[in-house]
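Values quoted throughout were computed directly from the atomic coordinates according to the rules given, and no laboratory measurement underlies them. Bear in mind the structure is a predicted one, so any value in this text is a computation, not a measurement. All Cβ positions, even for glycine, are placed from backbone atoms using ideal geometry, and neighbour counts span all protein chains on display.
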């Protein structure tokens, strides 16, 4: 597959997951893909015509956010079966380090259950407290995740 068009869909409460989404999108662009950022605070719908989907949420109680759960339920149907996806999220350092349930893991499981094909394992970006900030290397880690997913899209 050559250059493809995709969406990075995210919800962010304190801005940490937004920074992560921006980093992931930047990495995908660096790999040569067209990417649109979709902030679920402003837009709950997804335009047609995307080749891949990347979805992210902050972790709350080991799960992804309500807006992301609603987005997946409403927007990820049969038209996405067989298409590539990736999942990301933010979580407290302790949660990420111990491999506890996270938003990214839940999103990954749900997208796979809907017939989508994973580009990578889910990506958890650690934050130092409930409101952040991201770990010092968090934005670069997000770009790296996006670049790696983008390379897999290129085949």
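Points worth noting:
- Computed extension gain for residue 81 through residue 14, at 0.36 nm per residue and net of the alpha carbon distance, reaches 20.9 nm.
- The chain: angle of helix 103-113 to the longest principal axis, Cα-based, in degrees nearest 10: 30
- Principal-axis analysis of the Cα atoms of the chain puts helix 138-154 at an angle of about 20° to the longest axis.
- Per residue, the chain reaches -12000 deg cm²/dmol at 222 nm when only DSSP H runs of four or more residues are counted, each adding -39500 (n - 2.57).
- Rounded Å value of the spacing that divides the Cα centres of the range 61-93 and the range 1-60: 11
- At q = 0.10 Å⁻¹, base-10 log of I(q)/I(0) for the chain (Debye sum, equal scatterers on each alpha carbon): -0.29
- Using a cutoff of 8 angstrom between alpha carbon atoms and counting only pairs six or more residues apart, the relative contact order for the chain works out to 31 percent.
- Ordered from longest to shortest, the equivalent ellipsoid semi-axes for the range 109-155 are 25, 16, 5 Å, each the square root of 5 times a Cα gyration tensor eigenvalue.
- The modelled label-to-label distance for the pair residue 60/residue 37, using points 7 Å beyond Cα in the direction of Cβ, is 2.1 nm.
- Likely footprinting exposure, 72, 107, fewest C-beta neighbours within 10 Å first: 72, 107
- Fully extended contour minus Cα-Cα distance, from residue 94 to residue 30, at 0.36 nm per residue: 20.0 nm
- Distance histogram for the range 56-144 (every C-alpha pair counted, 5 angstrom bins, percent rounded to whole numbers): 3, 15, 25, 24, 17, 10, 5, 1
- Label-to-label distance for residue 44 and residue 130 is 2.5 nm, based on points extended 7 Å past Cα in the beta-carbon direction.
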